[in-house]
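Q: One structure, as structure tokens, below. Some questions next.
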Amino acid sequence: MHLDELYWDKGWKPVERERWLSRLSDALAGERWILDGNFSATLLLRAYQADTVFFLRPPRWQCLWRAFWRERLGRYPHGGHPPKWPSRALLLDIWQFSPQAEWQLAQLRTVPGLRLVVLRSDREIEGALQQLAS
């Protein structure tokens, strides 16, 4: 499940904080789950209930390129949105993510027993998925 599905309501309106945390709590209560997304504010909440975190760190140019195409194609939960150009805020967020990513990795390394796997390329991601499938 993508965290965007829990955080946003239709029309890309954020849910109230209590509803967001309730939805997240329900997702984490399952015996087995996979969550996809960032949302730094709940990083440790999720990490303490996980056994493994796959942290994706593809090259910055690749993130920018994929964000461009995702926005143009409107591929998001809740039926997407009309094609548009990526906002300056989104592009800046991607461009400046590296320090935040290092902070998140440092936080994750403090969680006892957590298996942290950093994947930096499509090839590494494919290899990890193949290992999970076998």
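Q: Of R123, R57, how do they rank once you tally other Cβ atoms within 10 Å and put the fewest first?
A: Listed from fewest to most nearby Cβ atoms, that is R123, R57.
Q: Continuing with the same structure: Quickly estimate the mean residue ellipticity at 222 nm for the chain, helices only: each DSSP H run with n ≥ 4 gives -39500 (n - 2.57), and the total goes over all residues, rounded to 500.
A: It comes out at -14500 deg cm²/dmol, rounded to the nearest 500.
Q: Roughly how many debye, to the nearest 20, is the charge dipole of the chain about its Cα centre, given +1 on each Lys and Arg Cβ, -1 on each Asp and Glu Cβ, and no other charges?
A: 400
Q: Quick one: which of 45-52, 60-67 comes out on top by average Cβ neighbours within 10 Å, and what's the full order, highest first?
A: 45-52, 60-67
Q: Mind checking which of L132, G113, W85 is farthest towards the positive end of the chain's charge dipole, using Cβ charges of +1 (Lys, Arg) and -1 (Asp, Glu) about the Cα centre?
A: W85
Every number in this text was worked out from the coordinates using simple rules, so none of it is lab data. The shown structure was predicted, so the numbers you read here are calculated from the model rather than taken from an experiment. Cβ sites come from the backbone with ideal geometry, for glycine too, and all protein chains shown count toward neighbours.
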